[in-house]
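The values are calculated or read from the model by the stated rules, or taken from the named source; none is laboratory data. Quantities reported herein were computed from a predicted structural model and do not represent experimental measurements. For neighbour counting, all protein chains shown are included, and Cβ atoms are generated from backbone atoms with ideal geometry for every residue, glycine included.
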Amino acid sequence: MKPINRLAALSLASVLPLMLPPVVQAAQSQGAVEVVHWWTSAGEAKSVGVLKQLVEKQGFTWRDSAVAGGGGAAAMTILKTRAVSGSPPSAAQVKGPDIQEWGRLGLLTPIDNVAKANHWDSLLPETVADLMRYEGHYVAVPLNIHRINWLWLNPEVLKQAGVAKAPSTLEELYAAADKLKEAGFIALAHGGQPWQDTTVFEALVLSIMGAQGFNQAFIEHDAQTLTGAKMTEVFTALRKLQGYMDPDGTGQDWNLEAAKVIDGKAGMQIMGDWAKSEWTAAGKKAGTDYQCLPFPGSQGIYSYTIDSLAMFKLSRKNDTPGNNSARDTLAKVALEAEFQYVFNQNKGSIPVIKGLDMSLFDHCAQASAADFADAEKAGTLIPSMAFNMSTSQAVQGAIFDVVSHFLSDKNADPSKAGQQLRSAILAASH
Ligand code: GAL
């Protein structure tokens, strides 16, 4: 380069920052973090917005790659395409055993420096920490603990339908649903999407087969349990519940169904506690405007999912010191108390770090934290199959198919569904 050109380049470099607005300058110099997630409902978008704000407060840019679709199937498809084409995001919502799968593919990057500096080993319960490590190295940060086996109720609607007592057994659930239907309400708000169908199915498994039955069927894949009489009972109960589901629920998003309970059109919804994020976003109060109960018959069991962000190796182009610090900052703030309080209060989950003051949470979250501790002692903590905690995506997808096909074929025989489940799981495990 001739001296004159170098001089011109230098002077341009020194003038350019002055021409940019100050925020952009900081962000560009400090780097960006791109996050793939599926939190697009009102309450969930607000929750993830807290993380965005905290990252931006440190001067980094947040690139939001939200992919609509509850349960995350659409987001996972996009993530795979991005990874295969060599342009992964910095972080993506990946859960449970899938973290190990991405690790095995060599696509994740360790964040041990952040974990060590911020004492994650003592901050996190060991079972959670273990899920976040691949070959002993932290490659993901957990954000929360969601309970899945909940029933959400609108007490005013139940009262209008003459339901005197919130249901605590399956029989009481059917009786309440009958009354709601007779009074012209939607008994059960439910969106007919595979993951929502399997959420109901899983709740019934816990209620009818208990924690042990669940483990035998969905962790050990025990043939007798999968095809036995109790499984027939589960599918028979699923068919019965189908009769109470929203007739307009085909393909409907979970949050639009939650809105029907919130607006007083429906009485109940079977959904994980992210449902609470919609109630909170609508300004409703737990315990008065709505009730949360363990799914009837599954009291004492706690099925859970842990939302976590896995950290991806950046492409050569994006692998800059600035982007790496943006990712490390994201990981760091995610486990700080400030984020854990606000995020979980909005999201409906409970904090994943130990020792936070639960009196700052509403009564559903307090009940959730107490039930989690009890279930941990009793050995009835259940990693959810419907939410990627106990199975690979392939096995989970096979179960989704069987359950949803059963629901769409009104003549399907409940006593044959277990056999189909078993074959589908076997095929997907190889
Ligand atoms: C789950 C996720 C929750 C919630 C839900 C509905 O997989 O863990 O945080 O987003 O999907 O989309």
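Note on the range 89-100: residues that are within 16 Å of the ligand (Cβ to nearest atom) and either among the hydrophobic types (A, V, I, L, M, F, W, C) or in a helix (DSSP H, G or I) (or both) total 6. Here the condition is being of a type in the set (G, A, S), assigned to a helix (DSSP H, G or I), away from the ligand (no atom under 16 Å from the Cβ) and more than 19 Å from N344 (Cβ to Cβ); of G103, G59, G86, G71, it holds for G103 alone. Which of the residues spanning the range 29-47 are touching a residue at least 40 places away in the same chain (Cβ under 8 Å) and part of a helix (DSSP H, G or I)? Result: S29, Q30, A42, G43, E44, K46, S47. Going by what's in this entry, would A326 be described as touching a Leu at 6+ places or on another chain (Cβ under 8 Å), aliphatic (A, V, I, L, M) and farther than 19 Å from N346 by Cα? When the stated conditions are applied, A326 does not pass them.
Per-residue answers, yes or no, for (1) among the charged types (D, E, K, R); (2) within 16 Å of the ligand (Cβ to nearest atom); (3) modelled with pLDDT under 95; (4) crowded, with 18+ Cβ neighbours inside 10 Å:
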{"site": "E172", "(1), (2), (3), (4)": "yes, no, no, no"}
{"site": "I186", "(1), (2), (3), (4)": "no, no, no, yes"}
{"site": "V200", "(1), (2), (3), (4)": "no, yes, no, yes"}
{"site": "V205", "(1), (2), (3), (4)": "no, no, no, yes"}
{"site": "M209", "(1), (2), (3), (4)": "no, no, no, yes"}
{"site": "Q216", "(1), (2), (3), (4)": "no, no, no, yes"}
{"site": "Q224", "(1), (2), (3), (4)": "no, no, no, no"}
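Specify the residue that is farthest from the ligand (Cβ to nearest atom); the eligible residues are those in the range 146-161 that are hydrophobic (A, V, I, L, M, F, W, C) and in a loop (DSSP other than H, G, I, E, B). Outline the logic, then answer.
Quick first cut of the range 146-161, residues hydrophobic (A, V, I, L, M, F, W, C) only: 148, 150-153, 157-158, 161.
If we keep only those that are in a loop (DSSP other than H, G, I, E, B) as well, we get 148, 161.
Details: I148: 9, A161: 28 Å.
Among residues in the range 146-161 that are hydrophobic (A, V, I, L, M, F, W, C) and in a loop (DSSP other than H, G, I, E, B), the one farthest from the ligand (Cβ to nearest atom) is A161.
In the range 313-320 there is no residue matching the filter, namely being at pLDDT 95 or above, part of a loop (DSSP other than H, G, I, E, B), within 24 Å of G72 (Cα to Cα) and of a type in the set (D, E). If you check L188, L173, L241, L226 for being under 24 Å from the mean Cα position of the chain (by Cα) and part of a helix (DSSP H, G or I), only one passes: L241. Kindly indicate the residue of the range 376-409 that is touching an Asp or Glu at 6+ places or on another chain (Cβ under 7 Å), of a type outside the set (A, V, I, L, M, F, W, C) and not in a loop (DSSP other than H, G, I, E, B) and also farthest from the ligand (Cβ to nearest atom) among those meeting that condition. Taking the candidates together, the pick is S404. On the stretch given as the range 76-94, residues that are within 21 Å of the chain's Cα centre (by Cα) and at pLDDT below 95 total 0.
Quick check: anything in the range 122-131 buried (at least 23 other Cβ atoms within 10 Å of the Cβ) and in contact (Cβ under 8 Å) with a residue 60 or more places away in the chain? Give the derivation first.
In the first step, residues of the range 122-131 are kept if they are buried (at least 23 other Cβ atoms within 10 Å of the Cβ); the result is none.
Looking through the range 122-131, none of the residues is buried (at least 23 other Cβ atoms within 10 Å of the Cβ) and in contact (Cβ under 8 Å) with a residue 60 or more places away in the chain.
Specify the residue that is farthest from the ligand (Cβ to nearest atom); the eligible residues are those in the range 275-307 that are in a helix (DSSP H, G or I) and touching a Phe, Trp or Tyr at 6+ places or on another chain (Cβ under 7 Å). Going through the qualifying residues, I end up with W279.
Within the set A331, A369, A310, the sole residue that is surrounded by 19 or more Cβ atoms within 10 Å (Cβ to Cβ), touching a strand residue (DSSP E or B) at 6+ places or on another chain (Cβ under 7 Å) and either assigned to a helix (DSSP H, G or I) or of a type in the set (D, E, K, R) (or both) turns out to be A331.
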